[in-house]
Amino acid sequence: MASAVKLMDAWIPSLIEAGSLLVMNATSDRDTGGMNCGILHCPYCGQLAVITETQMQGQEMITCGGQNCPARFFLRDGQTVPIAAMGEETKQ
C-alpha cells in the first residue's frame, strides 16, 4: 500500500514523523558530484536513512536499514510504492 511522503523545508525534530523527507542540496561538486541527497524517515518503521538523488527521483529502490524492517520501496509522485505492490519489479 502506497503512503504519502511529507517533504520538509527544514529539519524540525518535533515535526518529523515516519515518511518525512528533507532534501539537502549539494554544497560543492567535490563533495557529492553536484548531486542532492535526502534524509528520509522510513514510512514503515521511522528509521533514518540518507538517500541519493536517483532514489528521490524514483529511479532506484530504497531499502530500509532498520534492524527489523524489511521495507523495500520506490518514491513515485510523492508516494512510497512498496516493491510487493509493484509485482516484485525493480523499476517501471
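Among the residues making up region 46-79, those that are part of a strand (DSSP E or B) and of a type in the set (A, V, I, L, M) are Leu48, Ala49, Val50, Ile51, Ile62, Leu75. In region 4-28, the residues that are closer than 19 Å to Gly78 by Cβ and outside any loop (DSSP other than H, G, I, E, B) form Cβ pairs under 6 Å with partners that are among the small types (Gly, Ala, Ser) and at pLDDT 90 or above, at six or more places apart or across chains, as follows: Lys6/Gly19; Lys6/Ser20; Met8/Ser20; Leu21/Gly38; Val23/Gly38.
The values are calculated or read from the model by the stated rules, or taken from the named source; none is laboratory data. Please read these numbers as outputs of a predicted model, since none were measured by experiment. Cβ sites come from the backbone with ideal geometry, for glycine too, and all protein chains shown count toward neighbours.
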